[in-house]
Amino acid sequence: MATLFGALSIAVRSLYAQEGALDTTANNISNVNTPGYSRELPILNEAPPLDTGQVSIGNGVDFDGVQSVRDNILELRIDQETQQQSQLQSYVNSMNQVQSLFNETEGAGISDALNQFFNSFQQLADNPTDIPSRQAVISAGQDLAAAFQQTGQQLSTIQQGIDQQVVQTVNEINSDTTQLATLNEQISSLQGNSEQAGMLQDQQYSLLNNLSQLVDVAVTNTNSGGLTVTTTNGVPLVAGGQNFSLSTATDSSTGFQDIYSQGADVTSSFIGGQLAGLLQARDQTIPSVLSNLDNLAAGIINSVNAQSQEGYDLNGAKGTNFFQPVVQPTPGSNAGAAENMAVAITDPSLIAASSDGTQGDNANALALANIQNGAVVNGDTATDFYSSLVSEVGNDVSSATDEQESVGLVLTQLQNQRSDTSGVSLDEEAANLILYQRAYEAAAEVVAAINSITSDIIQTV
Amino acid sequence: MRINPDLTRDMLAGLAQDRQQEDQAIQELSTGRKVNQPSDNPAAVAGLIVNNAQTSAVNTYLSNIASLQGSMQEADSTLNSVITSLSQAISLAVEGANGTLNQSDRNALVQEVNGIQQQILGYANQSFQGNYLFAGTAVKTMPFVADSSLSSGVSYAGNTGVNSVEIGDGQAVPTNLPGSQLFTAPGADVFQALADLSSALSSGSNIPAAENEVQNAFNYINAQRTFYGATLSRLNTATTFLNDESLQLSQEQNNLVGADMAAAASQLTQAETALDATLAAGGKVSQYSLLDYLT
């Protein structure tokens, strides 16, 4: 049998439910600008009816907590694109520094020094006994050596800067995985308290998105609501409540930091995120640019020295090395040739311009000048080799930039899609606010009505 | 259907794109180049490096030519003086062959011939910017010295070396004739001819033979001198060619990296218009929500 107090309790229950819904709306509005926040919906259910003999009477509404509106698949897609985007971003940032060293459109740099150097031999050939012309050759040689030295040193400096970023990134990864492990533990201890779990999951996804900027991740959901996170190539990061920290240690051969996971060197296993972009620049592209530069420097040094030894100086003595000879750290490797390039002679009369020991003969100076048109490295002239080196760097940056732009477009679209589903719309929340407010007012009216009825009854009695 | 409530992301992406276009246009206009870093157009930058090397080579060839022209002209005009002197010697020989002259007249002619020989010795030791012009490659050694042990009275201390200078890719021109080839060539030795003329005039015999000898030397030097004339004219032709090439290279450079100013200016206007529009739209979009209308 229905009772007045039964109706009162239904109305009060409705008041609670609308309060819960209003709280949810208020929470959504408060988090309208919170990154990673997924809007929440109040879960309102019809309360189980009260059976009184033959009739069932509705028992009002239950507030069963809140539910986050989130598309998990979309979140993972965003994470994947984010990995690619940040990989390209960090790679392009590093390589932009590299390409600024080869900015030949300004008319400065190695190619200019190269032209000046060989031209100085041409001018010496015009007047092989002229001391100022000889001095000019030494100056041009020093300028060329300085250009190689600076470019080589700056490449190393860029590499060292990237190396520091690698360590920072590893620290950030460790901080994220520690937090993820803690969250996993909290979620599994909640065991089905969906309201709190939903909030923690927001944090989980937000952390995962952060982590995706740093490194490529593969995610598996466990039954308890926790996440198992590894890299794409299986380096473990988080499993349940445990996180697997990455560590760094100096590689004795390169001098840079290698990355270790549980004792194993995993440096070359990363394929996405900022870390992969940094490692690609540090371990692949820059070493290749540097080695080309070293080979070019060594080619020039060797050719000029060999030709110098063919000739005779102003005193009629056999020519000596013009540049300090290349010291190969290991056979076949010219590493360091650019950074250590230097002119070996300071006395202008020692330049071997003559081919027969006569002071005024210029044939060896001409031969030295003509090294510019001969193959000095890999069958290429110095100019051709250098121009293809610069265009390779340019191509590299331009294709990575293009790719970054297209990934960026996809990412923006995915993020828009995420907002379609999970973003807080103030209009919607305002409409909900009216809805819940009116419902609350109505429930309050019911309470008032029952109050009035019971009061009537009491007075009648 | 639910609409993405967050319009700022699209707006920011649009703004970034507009700003980038604006930046690029401004950079093109301010530098005058459409390629400002290798990634802007890697192929053009590679072409530019090769172009710079060629331009620099052309400039060097032009400067080689300029410095070569000086010494060539000096040598040419020196030889012209030698020829003038030799033709004077021939006139003296003709005069000396005249039977009406007595010994003292001929002695006066001998003095003149000896004077001419000294003059030519001076010409043969002519230097240009501190280098002897006719010493072969031994440019610091005075090439012709008086030597009484020889019948010609002059010996050659230079060498037979010939230097070359490049005036184009793979094009080298010889820059000198060794003095031994010019002045002491067998059969046309200038100093020998003048010494013979001098002794013929002193003795009064064999004057026509000596005259003939001087005439030979005169013809020979005249023929050799064309080397300088021909080289100078070759240098002039090369200069014209190199100036053309320099012009072409600078046009090519402009094609590679030069900005089309009109296009850049209109791109700038377009980018600015787009930027204004996006900003105006963005300013309107997020001003209101339903909350503003609830009281």
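For this structure, a couple of remarks:
- Condition check for A:F63: of a type outside the set (K, R) and surrounded by fewer than 16 Cβ atoms within 10 Å (Cβ to Cβ): no
- Where strands (runs of 3 or more DSSP E) fall wholly inside the stretch A:1-91, the ranges with 1 or more residues that are on the phi > 0 side of the Ramachandran plot are A:61-68.
- Condition check for A:F117: aromatic (F, W, Y), assigned to a helix (DSSP H, G or I), buried (at least 20 other Cβ atoms within 10 Å of the Cβ) and without any contact (Cβ under 8 Å) to a residue 40 or more places away in the chain: yes
- Any hit, the stretch A:192-209, residues being part of a loop (DSSP other than H, G, I, E, B) and aromatic (F, W, Y): no
- So A:T105, is it assigned to a helix (DSSP H, G or I), more than 14 Å from the chain's Cα centre (by Cα) and among the hydroxyl-bearing types (S, T, Y): yes
- Residue match in the stretch A:327-346 (condition: closer than 27 Å to B:T175 by Cβ and away from chain B (no Cβ under 12 Å)): yes
- Scanning the stretch B:34-45 for residues that are within 23 Å of B:E22 (Cα to Cα), at the interface with another protein chain (Cβ under 7 Å from one of its Cβ atoms) and in a helix (DSSP H, G or I) gives B:P38, B:S39, B:P42, B:V45.
- Test: residue in the stretch A:74-86 that is buried (at least 16 other Cβ atoms within 10 Å of the Cβ), in contact with an Asp or Glu (Cβ under 6 Å, 6 or more places away or on another chain) and either of a type outside the set (D, E) or within 14 Å of chain B (Cβ to nearest Cβ) (or both): yes
- Note on the stretch B:253-284: residues that are touching a residue at least 60 places away in the same chain (Cβ under 8 Å), within 14 Å of chain A (Cβ to nearest Cβ) and not β-branched (V, I, T) amount to 4.
- Close contacts from the stretch A:279-307, counting a first residue that is acidic (D, E) and a second that is outside any helix (DSSP H, G or I) and surrounded by fewer than 22 Cβ atoms within 10 Å (Cβ to Cβ), with Cβ to Cβ under 7 Å and a gap of 6+ residues or different chains, come to A:D294/A:A335; A:D294/A:G336.
- Residue check for B:Q17: part of a helix (DSSP H, G or I), within 11 Å of another protein chain (Cβ to nearest Cβ) and modelled with pLDDT under 90: yes
- Output for the stretch A:210-240, where each listed residue is among the hydrophobic types (A, V, I, L, M, F, W, C) and assigned to a strand (DSSP E or B): A:A218, A:V219, A:L227, A:V229, A:L237, A:V238, A:A239
- Any hit, the stretch B:229-240, residues being of a type outside the set (F, W, Y), surrounded by 11 or more Cβ atoms within 10 Å (Cβ to Cβ) and within 13 Å of chain A (Cβ to nearest Cβ): yes
- Some residue of the stretch B:184-203 being assigned to a helix (DSSP H, G or I), free of Cβ contacts under 8 Å to residues at least 12 places away in the same chain and of a type in the set (G, A, S): yes
- Some residue of the stretch B:121-135 being assigned to a helix (DSSP H, G or I), more than 9 Å from chain A (Cβ to nearest Cβ) and surrounded by fewer than 16 Cβ atoms within 10 Å (Cβ to Cβ): yes
Yes/no per residue for (1) under 26 Å from the mean Cα position of the chain (by Cα); (2) surrounded by fewer than 19 Cβ atoms within 10 Å (Cβ to Cβ); (3) not in a helix (DSSP H, G or I):
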residue	(1), (2), (3)
B:A13	no, yes, no
B:Q24	no, yes, no
B:E28	no, no, no
B:G47	yes, no, no
B:A57	yes, no, no
B:I83	no, yes, no
B:G99	no, yes, yes
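- The single condition among (1) farther than 30 Å from A:P329 by Cβ; (2) in a loop (DSSP other than H, G, I, E, B) that A:N174 does not satisfy is (2).
- For B:T84: the one exception among (1) more than 14 Å from chain A (Cβ to nearest Cβ); (2) touching a residue at least 40 places away in the same chain (Cβ under 8 Å); (3) of a type in the set (V, I, T): (2)
- Restricting the stretch A:116-166 to residues that are closer than 30 Å to B:A138 by Cα and acidic (D, E) leaves a set whose member that is nearest to the other protein chains (Cβ to nearest Cβ) is A:D126.
- Some residue of the stretch B:143-160 being touching a strand residue (DSSP E or B) at 6+ places or on another chain (Cβ under 9 Å), more than 28 Å from A:A125 (Cα to Cα) and aliphatic (A, V, I, L, M): yes
The values are calculated or read from the model by the stated rules, or taken from the named source; none is laboratory data. For clarity, every value in this text was computed on a predicted model and none was experimentally measured. So basically every Cβ, Gly included, is an ideal-geometry build from the backbone, and we count neighbours across all protein chains shown.
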